[in-house]
Each structure stands twice: as structure tokens, then as C-alpha cells.
Amino acid sequence: KIDGPGPTNTPDTMFHGAALVAGAVMGAAVQRTPHGVAAAPPPPILPIPPHSIPSNLFPPLASGRNDVHGWLWLAMDHGAGVSATSEAESDPDAPVTELKGWFYHHTPEFWWNSPHNFEIMVAGTLKLDHGVTGLPLAPEAVDMGTEYVFTPPAFSLDQLITRKATSFYGHFTNGSFDTKQYYILSNGTLTVDAVPTVHYLWDNNHTQVEPMPQQAYLSYPRAGPLPASNGAHATSTGNQGLDDASQAPAATLSTAGVVHLYWLHMLWSAPDYDQIVHVTVDPASCVFQHGDTVADVVAVGATFVTQLQNHVLTRLHEGVHTVELATNASHGASDKTTCTATVLREVHCVVMPDSFAKCPQVASVENV
């Protein structure tokens, strides 16, 4: 699965990041199968750690998983998302040369020997070689409209995960393999500022992976990365070289009024669906439990659970939904914080395990 060929005029040095020591990553001790793959754990009690990687991952994180890895751009608001030098705030039609945003690994796969067997979200800054007009800049743009993807030439996903590689040169395109259109807007350099989410995907062909009973989504505020909060993240240990949300730069976000969020469907076992939706939540609609606060609602990687069946045909869809917030403070409790979320648009959705087919139309509007 390739989002497009890498640019031919790439710099000699493709990776510019400082080499950070990648220590042992978190994960309970697990047994290996005859195929060498770690045996899958049962479905977790939410939330799971932001960096969920088996301690004896095979193949281990080193310089492997080398392939072309695309990154789906999710725009951030002005101030967080657009360089002051772009003049986009004063003139929305001015060419934009620098974008900040969430960039999602486009797209993951479940196969144990796939170079794409991780669900990853990063925060980054994309500097374009040429100014681009007509981009869906937030907050003026209601939604992304289509998929915008940054694709460098083949590189080691392991090195991005361990933060040994933090800068990549490639194409920024309108469209990708799963859209009707695909054309290059500009070449540019993506600098990865933080890696708040890294989840290893278990292969059903070689392990017994129980389905995730809940339909869960990980949240990323359109206003940009925020400090860690009371309970939105489970604590991970031994993750040297990986960034969690507490290490991400803070952004100004008012706690009053509606907040815009990108929600990523949490992948667990195939068959599954790789989906991102744009939602709004009014914190005033939330009924807080266990000391949860607005900070937990808007935290990077906050985990929300719907009342819908965890199936592609009943996935989260446009409309108003009641959702639960899973935090450390409410870990395992039945009475969780509840909020009202409005889904504005489905940004992206493909069917797993290989992410080639587009998601079918939602077949049920029950339990909204």
C-alpha cells in the first residue's frame, strides 16, 4: 500500500532527528507463538497506555519496518496550525507554506510481518517548499473536505517510533490511494514534534485475539497538543525515546464552549475498521465522575466509548451521541463521566486488516 512515490529531489540526509536511546517499551510479559509473534492479551480495560507495545515484540524495534509510510494530515486551529509568516490569518486566500497538525499513520495493517502493523498518531510541523492555496484551514473550514497526505520515500517506522528519526522529506498531496483524486501540491519537510499514540496491532492469523467489546475512540484536540491530565492516559513505563502527551507542547484552549476534536477508532483485532471522525463536545454537557474535569475531555489521547456495537456497519456516524470517558480515575468503574458528542463528518474510513477497501455505508442508526 503506497500513497505515492517519494520525491526524486530528496535531501541526502532523510532523517535529521537526534538519536534518542530507545529503551525497553512497556508491555506485560507475554508468550511467543510458533511463528515468533507474542501471544495477544485479552481485550484491555480502558484506557490503555499511550504506547502499547509488547515487551518482547518480534521483530523488535530497531531499524526495521522499512516501507513507504503515508501520514494523513488533520488540520489544527490558527495559532497552533498556521505559521504567522503565511499571512493566512489576514488573508485566507494567501499561499500557506507551514502547517502544524496531527499526522496519522496512513494506513495500518494487522499482519504480523507487515511494516505497517502499528496504529500511530504524531503531532508535527510541515514546511512546504512552495505555498499552497485552498487548504481547509481551521477554524474557518468546517471540515477537511478530502484527504491530504504527506508521503516520504521508504523509511524505518521503528526509527520514528523510537524517535531516532524525527524529520522526513516527501510529497504533500491532495488525495491518496483510497480517494478518487491524487495530485501533488508541494514537496516539503515534516518535523515530528511528539508521538502521543503508538499501538501495536495483533495478527489474528497467528494469535488468538479476542474482539474488543467496546467501540472506543482516541481523541486529539483540533486546538493542538495539551498537557497530560488527571486520567485521560494510562501510565506507561520504560518508554525511553517515546513521547507521551505530557511531553507535547501546550496550546491555549478555552474551557468554555464547544471544542473540536478528531476521534480515531481504536484498533484491536481483525476484521476491524480504520476510521477518523471530526466531532464537537460541549463540556457543559458532561456529567463528571471520579474527579474527571474538562482537562480530561480535551486531553491528547483521551478515550471515549460509544453505546454502539463495535462493527464497521454500526460505526460512529454523523449525529448526536452519548459517550463515556474512560480515565485512569474511573478504571474498571461502571459509573464513568458521560458527555454529548456531535459527529460532524467522517474524515477517513477503510476496512481492516489491509486497509484497501473503503468502509461500507452505515447500516444502523440505533443507540445514538
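Contact annotation: residue pairs with Cβ atoms under 6 Å, 6 or more positions apart or on different chains, pairing a residue in region 132-155 that is at positive phi and of a type outside the set (Asp, Glu) with a partner that is open to solvent by 10 Å² or more (accessible area, probe 1.4 Å) and in a loop (DSSP other than H, G, I, E, B), are GLY145/PRO136.
Looking at the structure I just gave you, is ALA333 open to solvent by 20 Å² or more (accessible area, probe 1.4 Å), hydrophobic (A, V, I, L, M, F, W, C) and in contact with a Gly (Cβ under 9 Å, 6 or more places away or on another chain)? Outline the logic, then answer.
Working: open to solvent by 20 Å² or more (accessible area, probe 1.4 Å): yes; hydrophobic (A, V, I, L, M, F, W, C): yes; in contact with a Gly (Cβ under 9 Å, 6 or more places away or on another chain): no.
Answer is no for this residue.
Annotation note: of VAL281, VAL347, the sole residue that is within 30 Å of ASN174 (Cβ to Cβ), open to solvent by less than 10 Å² (accessible area, probe 1.4 Å) and touching a residue at least 60 places away in the same chain (Cβ under 8 Å) is VAL281.
State all residues of region 143-178 that are assigned to a helix (DSSP H, G or I) and either among the aromatic types (Phe, Trp, Tyr) or more than 20 Å from ASP354 (Cα to Cα) (or both); if no residue qualifies, say none.
In the first step, residues of region 143-178 are kept if they are assigned to a helix (DSSP H, G or I); the result is 157-161.
If the condition is that a residue be assigned to a helix (DSSP H, G or I) and either among the aromatic types (Phe, Trp, Tyr) or more than 20 Å from ASP354 (Cα to Cα) (or both), then GLN159, LEU160, ILE161 are the ones that fit.
Of the residues examined, GLU140 is one that is modelled with pLDDT under 95 and in a loop (DSSP other than H, G, I, E, B). Can you find even one residue in region 191-212 that is more than 27 Å from ALA302 (Cα to Cα), in contact with a Leu (Cβ under 9 Å, 6 or more places away or on another chain) and in contact (Cβ under 8 Å) with a residue 12 or more places away in the chain? Among the residues of region 191-212, not one is more than 27 Å from ALA302 (Cα to Cα), in contact with a Leu (Cβ under 9 Å, 6 or more places away or on another chain) and in contact (Cβ under 8 Å) with a residue 12 or more places away in the chain, which makes the answer no.
Considering only residues that are assigned to a loop (DSSP other than H, G, I, E, B) and open to solvent by 50 Å² or more (accessible area, probe 1.4 Å), look in region 179-203 and name the one that is modelled with the lowest pLDDT.
First, pick out the residues of region 179-203 that are assigned to a loop (DSSP other than H, G, I, E, B): 179-181, 201-203.
Filter once more, keeping what is open to solvent by 50 Å² or more (accessible area, probe 1.4 Å): 180-181.
Working: LYS180: 67, GLN181: 70.
The extreme case among them is LYS180.
Every condition in (1) farther than 24 Å from PRO54 by Cα; (2) out of contact with any Asp or Glu (no Cβ under 8 Å at 6 or more places or on another chain); (3) of a type outside the set (Ser, Thr, Tyr) holds for HIS278 except the one numbered (2). Exactly one residue out of LEU264, LEU253, LEU325, LEU308 is open to solvent by 10 Å² or more (accessible area, probe 1.4 Å), at pLDDT 95 or above and within 28 Å of TRP73 (Cβ to Cβ), and it is LEU308. Considering PRO49, PRO44, the condition of being part of a loop (DSSP other than H, G, I, E, B), at pLDDT 90 or above, more than 30 Å from TYR169 (Cβ to Cβ) and in contact with a Ser or Thr (Cβ under 9 Å, 6 or more places away or on another chain) is satisfied by PRO49 alone.
Go through region 117-135 and report how many residues are more than 17 Å from the chain's Cα centre (by Cα) and either crowded, with 21+ Cβ neighbours inside 10 Å or under 15 Å from PHE103 (Cβ atoms) (or both).
To start, the set of residues in region 117-135 that are more than 17 Å from the chain's Cα centre (by Cα) comprises 127-135.
Adding the requirement that they be either crowded, with 21+ Cβ neighbours inside 10 Å or under 15 Å from PHE103 (Cβ atoms) (or both) leaves 127-128, 135.
Looking only at that region, the number is 3.
Taken as a whole, region 58-79 holds at least one residue that is modelled with pLDDT under 75 and either outside any loop (DSSP other than H, G, I, E, B) or open to solvent by 50 Å² or more (accessible area, probe 1.4 Å) (or both). Of all the criteria given as (1) surrounded by 22 or more Cβ atoms within 10 Å (Cβ to Cβ); (2) in contact with a Phe, Trp or Tyr (Cβ under 6 Å, 6 or more places away or on another chain); (3) modelled with pLDDT under 95, the one not satisfied by ALA270 is (1). Among the residues of region 136-177, those identified as open to solvent by 10 Å² or more (accessible area, probe 1.4 Å), out of contact with any Gly (no Cβ under 6 Å at 6 or more places or on another chain), closer than 20 Å to HIS278 by Cβ and not β-branched (Val, Ile, Thr) are LEU137, PRO139, GLU140, ALA141, ASP143, MET144, GLY145, TYR148, ASN174.
The values are calculated or read from the model by the stated rules, or taken from the named source; none is laboratory data. These numbers come from a predicted model, not from an experiment. Every residue, glycine among them, receives a Cβ derived from its backbone with ideal geometry; neighbour counts consider all protein chains shown. Side chains are part of the model used for accessible areas, which takes the heavy atoms of the whole protein and leaves out ligands, DNA and RNA. Shrake-Rupley method; radii C 1.70, N 1.55, O 1.52, S 1.80 Å.
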